[in-house]
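Any read-out appearing in this document is the output of simple, stated calculations on the displayed coordinates, not a laboratory observation. The shown structure was predicted, so the numbers you read here are calculated from the model rather than taken from an experiment. Cβ placement follows ideal geometry from the backbone for every residue including glycine, while neighbour counts extend to all protein chains displayed.
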Amino acid sequence: MTQLTARTPSRPHVHGIFDKTTWTVTYVVHQGPGTACAIIDSVLDYDPKSGRTNTGSADRVIDYVKSNHLKVAYILETHAHADHLSAAPYLKQNLGGKTAIGDHILRVQDLFKGIFNLAPGCKTDGSQFDHLLADEEVFQIGDLHGKVLYVPGHTPACVAYEIGDAVFVGDTMFMPDVGTARCDFPGGDAKTLYASVRKLLSLQPQTRLFMCHDYPPNQREIAFETTVAEQRERNIHVHDGISEAQFVEMRTQRDSTLEMPVLILPAVQINIRAGELPPKESNGVAYVKIPINAL
Ligand SMILES: [Fe+2]
C-alpha cells in the first residue's frame with residue numbers, strides 16, 4: 001500500500017556572522033562543505049566620522065565560504081537596510097553569485113530618489129540587482145529549495161526567505177525578549193507589519209526563525225535563532241493574543257521615541273543601488289548627500 005506523506009523540509013546548515021558595530025547578523029546557508037550556498041544580509045563596514053569603508057565584516061564571510069569550499073548561488077537582501085551598508089558588490093566580485101532583493105524595491109528606490117533628489121541617471125527599475133524576487137517565488141541553492149515571503153511593514157519592500165525549515169525574517173521580528181522592528185521609516189506601516197508577522201507566525205511551530213539583528217537586553221548573550229512556537233508564546237510585542245490595534249498603538253508610541261539610525265542617510269543611498277557607491281565625481285571621489293530637514 002502506498003502512503004502519501006507530507007514532504008519534510010530539508011534542514012540546511014545556517015552559519016550566522018554577527019557584526020557588533022551594527023548588531024547585524026549575516027547568514028551563510030548551505031548543506032555542508034562543497035555545496036552551494038546563499039549569503040543573506042551582508043555588511044560593508046562604514047565609519048560615519050571619516051566616511052571610510054572597510055571590508056573586515058565581509059572578509060569574515062569570504063573566509064567562511066572559502067574554507068568550506070562553498071559555491072555562492074545568491075547574495076540576498078531582506079530589504080534596503082537603514083543601519084548598515086550592504087557588501088553585496090564586494091562579495092560578488094570575490095565569490096560570484098547573483099544579487100537579489102524583493103521586487104517591491106522599486107517603490108523604495110522611487111521614494112528615496114525623491115528624498116535625496118538623486119540624479120536622473122539613478123534608475124528606479126531595480127536593474128542594479130541581478131534578480132528581483134516576487135512574493136512566493138521559488139529559487140534553488142543547489143539542492144536546497146528557497147521561497148520568497150513578502151513581509152512589508154518595516155519597509156514597503158521587505159521579504160523573508162524560507163529555505164528548507166529555516167526562515168530568515170529580516171526586520172520583522174527580533175528575538176522574543178526584544179520584540180519587533182520599527183515602522184516609522186518612509187513607507188513603513190505598523191498595521192502592515194502586524195499582518196506580515198502573523199503570516200510568518202502561521203508557519204509550522206517548529207520552523208526555525210533567524211533574526212537580522214539582535215539588541216540583547218540586560219546581560220543576555222547575543223542570540224539570533226528562535227522558532228515560530230517560541231515567538232507565538234513569548235515575543236513581547238506579538239505573542240498570541242496581541243490584537244492588531246494593541247500592536248499598532250504600542251509600535252506607534254514606541255517609534256515616536258526612537259532616533260534615526262546613525263547610518264540611515266549613507267546606508268539607504270547606497271543600498272538602493274544594491275550596495276554600489278554613488279558614481280565618482282570629477283575628482284575621483286564618491287559622495288553621499290545629507291538632506292536637511294527632510295527625514
Ligand atoms: Fe532594517
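Here are the numbers for this structure:
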item: Share antiparallel - DSSP beta bridges, segment 10-150, percent rounded to 5; result: 65 percent
item: Total charge dipole magnitude, the chain, about the Cα centre, Cβ charges on Lys, Arg, Asp, Glu only, Debye to nearest 20; result: 360 debye
item: Nonlocal amide H pairs with residue 98, under 5 Å, H built at 1.01 Å; result: 74, 75
item: Hz values of 3J(HN,Hα) by residue in segment 34-40 - Karplus curve (6.51, -1.76, 1.60), Gly and Pro given as x; result: x, 9, 7, 9, 10, 10, 10
item: Karplus 3J(HN,Hα) series, Hz, for segment 76-87 with 6.51 cos²θ - 1.76 cosθ + 1.60 (x for Gly, Pro); result: 9, 10, 7, 5, 7, 5, 10, 10, 7, 8, 7, 9
item: Centre separation in Å (Cα based) which lies between segment 106-161 and segment 10-87; result: 18 Å
item: Mean ellipticity per residue at 222 nm, deg cm²/dmol - from DSSP H runs of n ≥ 4 across the chain, formula -39500 (n - 2.57); result: -7000 deg cm²/dmol
item: Residues with amide H under 5 Å from that of residue 13, placed H, sequence gap 5 or more; result: 30, 31, 32
item: Cα principal axis extents for segment 78-169, largest first, Å; result: 43, 33, 23
item: Mean separation of Cα contacts under 8 Å (6+ apart) over length of segment 1-146, as relative contact order %; result: 20 percent
